[in-house]
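Read-outs throughout are calculated quantities, based only on the coordinates presented, and are distinct from any laboratory measurement. Keep in mind it's a predicted model, so treat the numbers as computed, not measured. Cβ atoms come from the backbone with ideal geometry, glycine included; neighbour counts cover every protein chain shown.
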Amino acid sequence: MLLKEILTNDFFHIGLEANDKEGIIKEIAKFFEKAHLLNYQSTFDALWAREQKGSTGLGKGLAVPHARVPKVGSMKLVVFYSKEGKDFKAYDNVPTNLFFAAIIDEDANPQEQLEMLRVIVETYESTDLIAALKEVTTTSSLKEIVVRRITETQNG
């Protein structure tokens, strides 16, 4: 699965109004509703339940909130960028700037979800992604930078 193939301009967002983890998850769930036509409440409930099991704030400014939801079909992704960073209760207590949020069908092969997580983390750690994002001002420039770095990672 190539992540660039499932990421369009409509799935990127700059800025977050919320300042706490639950509020951020609510914003992300509302964006999934708008961008992917998913049910807000079931999306929020699944993301929040997953977050209660352990933070998806991976550290170094990256979070990957994700959950499995019934009958959503193919994997759905959204990307949020917050220049100032938000307290997402990451393991290193560093504010989180970049959120890759994913919803995957509860019946999907878990390997698809693991591969998505691997590509995101590898892209984040092996490219200049976070430095490049500091100058982002539009969703199209956010998409361009993220997709370029993911492509570099996936094409090795």
| How many nm is it between the label spots at residue 53 and residue 115, if each spot is 7 Å from the Cα in line with the beta carbon? | 2.1 nm
| Once you charge only the Cβ atoms, +1 for Lys and Arg and -1 for Asp and Glu, what is the size of the charge dipole of the chain about its Cα centre, to the nearest 20 debye? | 100 debye
| note | Ranked from fewest to most other Cβ atoms within 10 Å of their own Cβ, 138, 56 fall in the order 138, 56
| said: Checking the table 53/86; 53/83; 86/143 against a 25 Å threshold on Cα-Cα, which pairs fail? | reply: 53/83
| Residues of segment 67-83 with amide N under 14 Å of a point placed 7 Å along Cα→Cβ from residue 37 | 72-74
| Spin-label model distance (nm) - residue 87 vs residue 137, 7 Å beyond Cα toward Cβ | 3.1 nm
| query | Loop-only check: which trypsin sites (Lys or Arg not before Pro) in segment 50-156 are DSSP coil with at most 16 other Cβ within 10 angstrom? | reply | 60, 71, 89, 134
| Taking Cα pairs under 8 Å and at least six residues apart, what relative contact order does the chain come out at, in percent? | 26 percent
| task | Would you give the gap between the C-alpha center of segment 83-156 and the C-alpha center of segment 37-56, rounded to a whole Å? | result | 18 Å
